[in-house]
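As structure tokens, the structure follows; a few thoughts come after it.
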Amino acid sequence: MSEYYQLPGREVLKKLNGSEEPLTSQQVREHQEKYGRNELAEGKKETILHIFLGQYKDFLVMILIAAAIVSGLLRDVESAVVILVVITINAVLGTLQTVKAEQSLDSLKKLSAPEAKVMRDGNLVQIPSAEVTVGDIVYLDAGDYIPADGRILECASLKTDESALTGESLGVEKSTEPVKGEVSLGDRTNMVYSGCFATYGRASFAVTAVGMETEVGKIAGLLNQTSQKQTPLQISLDQFGKKLSILILIFCGILFGIQVMRGGDAGDAFLFAVALAVAAIPEALSSIVTIVLSFGTQKMAKEHAIIRKLQAVEGLGSVSVICSDKTGTLTQNRMTVEDYYVNGIRIPAEGIDLENPQESMLLLSSILCNDASNAEGAEIGDPTEIALINLGDRFGLYASGVREKYPRFGENPFDSDRKLMSTQHVMEDRPTMLVKGAVDVLLERMTHIQTDEGVHPLTETDREKIRNQNQEFSKEGLRVLGFAYKEILVGHEITLEDEYHLTFIGMIAMMDPPREESAEAVKQCKQAGIRPIMITGDHKVTAAAIAKRIGILKDDSEACEGSEMDSMSDQELRDFVEDISVYARVTPEHKIRIVKAWQDKGYIVSMTGDGVNDAPALKQADIGVAMGITGSEVSKDAASMVLTDDNFATIVKAVENGRNVYRNIKNSIQFLLSGNFGAILAVLYASVAALPVPFAPVHLLFINLLTDSLPAIALGLEPHTKDVMDEKPRPVGESILTKAFLQKIGIEGLSIAVTTMAAFYIGNHFGNAVLASTMAFGTLCTARLVHGFNCKADMPVVLSKKLWNNKYLLGAFALGLCLITAVLMIPACSGVFQVQTLTGTRLLIVYGLAALNLPIIQIIKMVRVKMKK
Ligand code: ATP
């Protein structure tokens, strides 16, 4: 049997579908059933049981299990059971958190799944690529993701990036010609492969294999779930956690020695040392970060920003420069044609007279030299081109009809470096090449002009007139396209070399108003210490006019053209970028240089991009942002964030969310570390003052594993606030554990320790060592719950509504309080938890002392805020 690449394209289609026609809906259903969904099987997911068992692999949990065994052997069965129960509850909590975080990351992945353009029921439609099936005809444009393997049917200069499959990073040129003999993948030039990208040109292909039957499916076998890499914050916290753990273990070792030397029971001393280590080591730091980040991404997805790399959430908080495309991101991308320029005069679009040959030629050219479609209201393609065919509709010249009358024989696809596009037709028996593109580029390639008086050489006066008109349109913020043509030889297939010696037909000016939100978002950026910058392929004057309207630029001197950078060294560019807010006529290479220049100056740069060639700049930027609606799949693949509404304001909102997430993580860490520090200080004090140990091991485990983790997570989910945008961006590389932060932890830990030891003394005074320990335990536990409210913000919150606005924290507090009260009040608990059941008054003393931490720390915060001012 011949391979698909050895057969002519149409024959392949016949073999797959039984005819050369696209699949009928009935066939689609049958094929989908037969070949399955177009998805790669994912590696086996960890089952919930696995995740649960995984919780026991933790080093600290293992120590605890060892401790339980030791206590069991020492006949302290009760302690052993308690430790095991507490570990199990902790493992259940850990499992729930992990599952939830994974679910939210999974749903994000689904949101950014690629789409494909296929012919269904005679119409070109966009569908999720998982629904593509064998026999479908898929249409590819530059930048598209190739959703399945297939045999090319039509091809216009298609090049693909097959590096994912063959490692070959150069674009591979494709054609429709059958290939003779058996050849390797890389030489099957009429085939395209799933997982690769179209980088240039256009094509359609018949799908020959989907899902696991594709070449990438065969290689991948079972694709392992790509695990999310650790974020810089997680790495730095892990390192910090390790160092701290070693210190704490040494400290606990010494404590164990002291107790034994003082004649204490070695078994008890061991258990206590273990419990203290467990209580003091902040093992949850890194997992809290994961949970808070993954919840943050959920919120951002709802607000139209899909995070593709978890690091981006953190990075967003320190973004100090946002470079944004103009068209569609700062503007609405809802373009409408406003004016024509033909025969040396400007005419409003509604005044076009199709009887006039020049006006009619301009309209026809704009429909023919155009890849967009709008059949039955389904607009597919570049909004600039959609605007042109929509104009045709207004005059009864429908794209489908015009294109049928003057079919396309060849083309040079648009690319944003060249800023031109051409197509080849036969018009009124004359083989013609139509060219459209940026007027300044066209001006250099035109030699003639066509008017009602006929075709004549383009004089300097004509050029001047065209230039002036282009300038006038641009000043009004209009986007201008120029149109030209050239007669070519019969049978000649056009190449880029043909785009010279052109004859000017006219210009079309379109309005693309700024988005309503843009101006406000730019203002917010500036207030947040972020520099907004417009980078566009459009004309400088158009760009400056729009930039002025939304506040990015004050003076025209802040605008430049990309070509001005060409002669600059990197050092010169670094000095230059500071003064420039608008870059026009920019190529993708310029974008990379701009990002690098800012980065060299120490800024964290976010850069948007939509085109095929934008991928390198998106990768270079700290936060690459792709457009979900108009962006090419290549750019989405390279980005760390995708905007589902293509809106600049969404980036600013994402920065706000990023800052909030970071602040919440910080608060949550502050809560954990200060609480742990409080416990250590209390034990340290007792040991220095030669008092009995204030807590039984089970107390520390109870706090650390049960009542502590919920408020920590709740703090991570604290409602977002706008005030984060009043601050400057977080300095690059600033550790979360700054001196000021550690100071706060020290002071707050001290406050908790003092109230705890006060309870201990009171208990000791009115009762015995057990009562003292019970009251110290109760106070420490409750104080940490209360302290959750202190960690909500750097500002005092006690007299504001903010105290009550986090329902998770309120829930965690209420649950924790119920648990500790139950342990302290229910007589049946006294044995297991080694407490003495408290009377009402004593319970109130415990509550009161614990609650004191609220006013004490709030007052300290007030003083700190005052001093700062
Ligand atoms: P931005 O970079 O802000 O998205 P842009 O869409 O103008 O702006 P490009 O797509 O790189 O950037 O286009 C650059 C120039 O090429 C445009 O200003 C226009 O003159 C010309 N151009 C844009 N689209 C087409 C097209 N489909 N066919 C021909 N020329 C085009």
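Tabulated values for the structure
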read-out: Computed FRET value (nearest 0.05) for K243 with D645, which takes r as the C-beta separation and R₀ as 41 Å; value: 0.40
read-out: Straight-distance crosslink candidates among lysines, where the alpha carbon sits under 18 Å from K554 and sequence neighbours closer than 8 are dropped; value: K326, K475, K523, K526, K540
read-out: The range 333-433, Rg to Rh (Cα coordinates; Rh as Kirkwood inverse mean 1/r); value: 0.94
read-out: Placed amide H near A305: partners under 5 Å, 5+ positions off or other chain; value: T644
read-out: Per-residue SASA entry for M825, accessible area with 1.4 Å probe, Å² rounded to 10; value: 80 Å²
read-out: Positive-end extreme of charge dipole, the range 730-844 - chosen from V798, F760, S830 (charges on Cβ); value: V798
read-out: Modelled FRET efficiency - R0 41 Å, E520 with E472, Cβ distances, 0.05 increments; value: 0.90
read-out: Calculated P(r) of the range 437-507 - Cα pairs past 21 Å, %; value: 28 percent
read-out: Full-stretch length increase - A822, A375 - with 0.36 nm per residue and alpha-carbon distance subtracted; value: 154.0 nm
read-out: The chain, accessible surface, carbon-and-sulfur percent (1.4 angstrom probe); value: 58 percent
read-out: Computed over the range 336-511: relative contact order in percent, which uses C-alpha pairs under 8 Å that are six or more apart; value: 26 percent
read-out: Calculated FRET value between R430 and S400, using beta carbons and R₀ = 25 Å, to 0.05; value: 0.65
read-out: For the range 593-647: Kirkwood Rh in Å [reciprocal of mean 1/r, alpha carbons]; value: 10.8 Å
read-out: Mean Cα-pair separation over length for the chain, i.e. relative contact order, pairs under 8 Å, 6 or more apart, %; value: 12 percent
read-out: Label-point gap, in nm, between L185 and S557 - each point 7 angstrom along Cα→Cβ; value: 5.7 nm
read-out: Estimated dipole of the chain in Debye, rounded to 20 [Cβ of Lys and Arg +1, of Asp and Glu -1, Cα centre]; value: 5180 debye
read-out: On Cα atoms only, tilt of 25-35 relative to the major axis of the chain in degrees; value: 50 degrees
read-out: Mean Cβ count within 10 Å, highest first, over the residues of peptides 269-279, 171-181; value: 269-279, 171-181
read-out: At 0.692 mPa s and 37 °C, Stokes D of the range 708-754 from Kirkwood alpha-carbon radius, µm² per second; value: 244 µm²/s
read-out: Debye, to nearest 20: dipole size of the range 269-416, +1 on Lys, Arg Cβ, -1 on Asp, Glu Cβ; value: 700 debye
read-out: Accessible area in square angstrom per residue, the chain, 1.4 angstrom probe; value: 43 Å²
read-out: Point-to-point label distance, K465-E355, nm (Cα→Cβ direction, 7 Å offset); value: 2.3 nm
read-out: The range 473-533: mean projected area of Cα convex hull, nm²; value: 7.3 nm²
read-out: Principal semi-axes in Å for the range 336-511 [√(5λ), Cα gyration tensor, largest first]; value: 21, 20, 16
read-out: Extension gain, K801 back to I258 (0.36 nm per residue minus Cα-Cα distance, nm); value: 190.6 nm
read-out: 5 angstrom amide H check on T432, placed H, neighbours 5+ away; value: H425, V426, M427, I488
read-out: Percentage of interatomic Cα-Cα distances in the chain larger than 37 Å; value: 56 percent
read-out: Cβ-based charge dipole, the chain, positive-most Cα from T133, S318, G506; value: S318
read-out: Stretch gain in nm, segment A66-M568, where the contour uses 0.36 nm per residue and the Cα spacing is subtracted; value: 174.1 nm
read-out: Rounded to the nearest 20 debye, dipole of the range 336-511 from Cβ charges on Lys, Arg, Asp, Glu; value: 160 debye
read-out: E476 - accessible surface, heavy atoms, 1.4 Å probe, Å² rounded to 10; value: 80 Å²
read-out: Angle between the chain longest axis and helix 383-394 axis [Cα atoms, degrees, rounded to 10]; value: 50 degrees
read-out: With Cα atoms, 0 to 90° folded angle of helix 77-111 axis to the chain main axis; value: 10 degrees
read-out: Nitroxide proxy distance, nm - points 7 Å out along Cα→Cβ at V865 and T447; value: 7.5 nm
read-out: Alpha carbon convex hull of the range 736-825, volume per residue in cubic angstrom; value: 117 Å³
read-out: Ranking by accessible area, most exposed first, for V688, V435 with a 1.4 Å probe; value: V688, V435
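The values are calculated or read from the model by the stated rules, or taken from the named source; none is laboratory data. Keep in mind it's a predicted model, so treat the numbers as computed, not measured. Neighbour counts are summed over all protein chains in view; Cβ atoms, including those assigned to glycine, are modelled from backbone coordinates with ideal geometry. Just so you know, the surface numbers come from the protein's heavy atoms only, side chains and all, with ligands and any DNA or RNA stripped out. Shrake-Rupley method; radii C 1.70, N 1.55, O 1.52, S 1.80 Å.
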